[in-house]
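Structure first, then comments.
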Amino acid sequence: MECIIKMKEELRDIYREIMAIISGISPTMTSQIYYFSKFKKKINLKNPQTFNEKLMYLKLNEYENNELITKCADKYKVREYIKECGLENTLNDLIGVYNNGDEIDFNKLPNEFVLKCNHAAGFNIICKDKSKLDIEKARKTLNKWIKTDYWKFVAEMQYKNVEKKIVCEKYLESKDENSIEDYKVYCFNGKPKFCMVCIGRNLGKPTYYFLDADWKILKMNPAGKKAPDDLVIPKPKSMDKMYKYAEILAKPFKFVRVDFYDYLDNPVFGELTFTPAGCVDTNYIDDWDEKLGDMLVI
């Protein structure tokens with residue numbers, strides 16, 4: 001099993017290296033290849049219709065030299081934007097900011113923390129017990145990530161001009177000592193329309209549900225369509241605040257997903273996401289990719 005996992009990782013790295021080379025020449029070509037690999041059809045960038053196509057269009061035409069987009073995609077500098085919007089109270093505790101893994105004095109960090117790179121998605125180290133952390137391995141991983149031009153993998157242009165940093169924040173956990181749920185509010189032309197919630201992440205088998213503003217499950221992905229009518233997904237007490245804050249943060253953008261955590265019944269800001277699933281979300285079923293595309297005016 002370990003051999004198979006290692007082989008998959010090596011193939012993924014080779015694929016990323018090839019895509020990175022292409023992105024350096026033509027981000028549009030990278031996007032066309034990536035889209036075709038997922039949907040087995042050509043993308044329509046001249047007259048985009050679906051949600052995924054319109055996100056691709058925005059990514060390629062409006063994100064690279066947009067200072068506000070770059071700032072808000074930056075998982076460190078976005079904190080400035082949150083403060084400018086009067087929502088400093090939603091920010092997680094900032095423990096430290098570093099240029100590389102060698103700058104981090106792990107002895108000064110608390111027992112629990114989260115390290116993440118500001119220029120990428122998924123470049124995270126979650127530490128729940130520092131005594132069990134392989135510090136040297138963590139440093140090597142962070143140093144590798146900080147040298148990586150993540151934007152090139154699938155031409156996510158909002159990350160291209162981000163000054164790379166490593167951010168350390170407080171680890172948030174629920175009352176039962178599990179990781180807390182995150183809620184992702186999808187905003188179209190400045191208005192929050194629905195939310196995605198991940199259930200069971202701490203069990204290693206996450207299920208994603210989309211819910212409208214009335215907290216009714218939307219049948220827009222397989223999990224939603226299969227959900228029994230009597231399924232009840234607990235609505236966080238802070239959800240109304242999440243929608244209110246999301247609308248404030250989303251005002252300048254044609255599309256953005258505003259991510260929050262529900263912590264002690266209050267929203268804690270996570271990040272602003274401009275290209276969910278890299279603009280190739282294949283989980284929309286029936287005609288939902290088209291419906292969402294109709295909702296987004298570009």
Alpha-carbon radius of gyration plus Dmax, which is the widest Cα pair, for segment 243-298 in Å: 13.3, 37
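In whole percent, how big is the carbon plus sulfur part of the accessible area of the chain, probe 1.4 Å, protein atoms only? Intermediate results must be reported in sequence, preceding the final value.
Details: 7910 of 15860 Å².
Carbon and sulfur atoms account for 50 percent of the accessible area of the chain.
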Which whole-Hz ³J(HN,Hα) couplings does segment 263-276 yield from phi under the Karplus relation 6.51 cos²θ - 1.76 cosθ + 1.60, θ = phi - 60°, glycine and proline marked x? 10, 6, 6, 9, x, 10, 5, x, 6, 9, 10, 9, 10, x
Mind checking the per residue accessible area of the chain for me, 1.4 Å probe, whole number of Å²? 53 Å²
In whole Å, how far is the Cα centre of segment 36-112 from that of segment 185-253? 20 Å
What is the percent of Cα-Cα separations in segment 79-132 that go past 17 Å? 49 percent
Using each residue's phi in segment 93-100, evaluate 6.51 cos²θ - 1.76 cosθ + 1.60 at θ = phi - 60° and report the 3J(HN,Hα) Karplus result to the nearest Hz, with x for Gly and Pro. 5, 8, 9, x, 9, 9, 8, 7
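At a Förster radius of 41 Å, what calculated FRET efficiency corresponds to the Cβ-Cβ distance of Val297 and Ile135, to the nearest 0.05?
Working: r = 49 Å, r/R0 = 1.19.
The calculated FRET efficiency here is 0.25.
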For Lys6, which lysines qualify as cross-link partners when the Cα separation must be under 25 Å and same-chain residues fewer than eight apart are set aside? Lys38, Lys116, Lys132, Lys137, Lys140, Lys144, Lys147, Lys152, Lys205
Percent of Cα-Cα pairs per 5 Å bin, from 0 to the last occupied bin, for segment 1-114, please list those. 2, 8, 11, 12, 13, 15, 15, 14, 7, 2, 0
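Residue separation times 0.36 nm, minus the C-alpha to C-alpha distance between Phe39 and Leu231: what's the value? Numbers along the way, then the final one.
Numbers: separation 192, 0.36 × 192 = 69.12 nm, distance 3.08 nm.
So the extension gain works out to 66.0 nm.
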Distance in nm between Asp105 and Lys244 label points, each 7 Å along Cα→Cβ, equals 4.1 nm
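Hey, if we sort Asp149, Asp294 by accessible area with the 1.4 Å probe, largest down, what's the order? Walk me through the numbers before you get to the answer.
Details: Asp149 65, Asp294 115 Å².
Largest to smallest exposure gives the sequence Asp294, Asp149.
Tell me, rounded to the nearest percent, the portion of alpha carbon pairs in segment 147-243 spaced more than 19 Å apart. Numbers along the way, then the final one.
On the way: 2747 of 4656 pairs.
Above the 19 Å cut-off, segment 147-243 has 59 percent of its Cα pairs.
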Would you kindly state how much longer the chain becomes between Ile14 and Ser174 on full extension, computed as 0.36 nm times their sequence separation minus their alpha carbon distance, in nm to one decimal? 53.8 nm
Two-decimal ratio, segment 183-298, of alpha-carbon radius of gyration to 2.2 N^0.38 Å: 1.03
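Taking the Cα centre of the chain as origin, work out the dipole magnitude from +1 charges on Lys and Arg Cβ and -1 charges on Asp and Glu Cβ, in debye rounded to 20.
Values: 49 positive and 46 negative charges, 123 e Å.
Charge dipole of the chain: 600 debye, to the nearest 20.
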On a full-extension model of 0.36 nm per residue, what is the gain between Ala213 and Val97, subtracting their alpha-carbon distance, rounded to one decimal in nm? 38.2 nm
Applying the Karplus parametrisation 6.51 cos²θ - 1.76 cosθ + 1.60 with θ = phi - 60° to the phi angles of segment 143-160, what ³J(HN,Hα) value in whole Hz is obtained for each residue in order, glycine and proline being reported as x? 5, 5, 5, 5, 8, 8, 7, 4, 4, 6, 4, 9, 6, 8, 5, 5, 8, 4
By average C-beta atoms within 10 angstrom, highest first, the peptides 6-16, 82-92: 82-92, 6-16
Less than 12 Å apart at the alpha-carbon level, and either on another chain or at least 8 residues along: which aspartates and glutamates does that give for Lys41? Glu53
Over all directions, the average projected area of the alpha-carbon convex hull for the chain comes to how many nm²? 16.3 nm²
Kirkwood-based Rg to Rh ratio, segment 54-203, C-alpha trace: 0.97
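The values are calculated or read from the model by the stated rules, or taken from the named source; none is laboratory data. This is a predicted model, so every value here is computed, not measured. All Cβ positions, even for glycine, are placed from backbone atoms using ideal geometry, and neighbour counts span all protein chains on display. These accessible areas exclude ligands, DNA and RNA; they are computed on the full protein's heavy atoms, side chains included. Shrake-Rupley method; radii C 1.70, N 1.55, O 1.52, S 1.80 Å.
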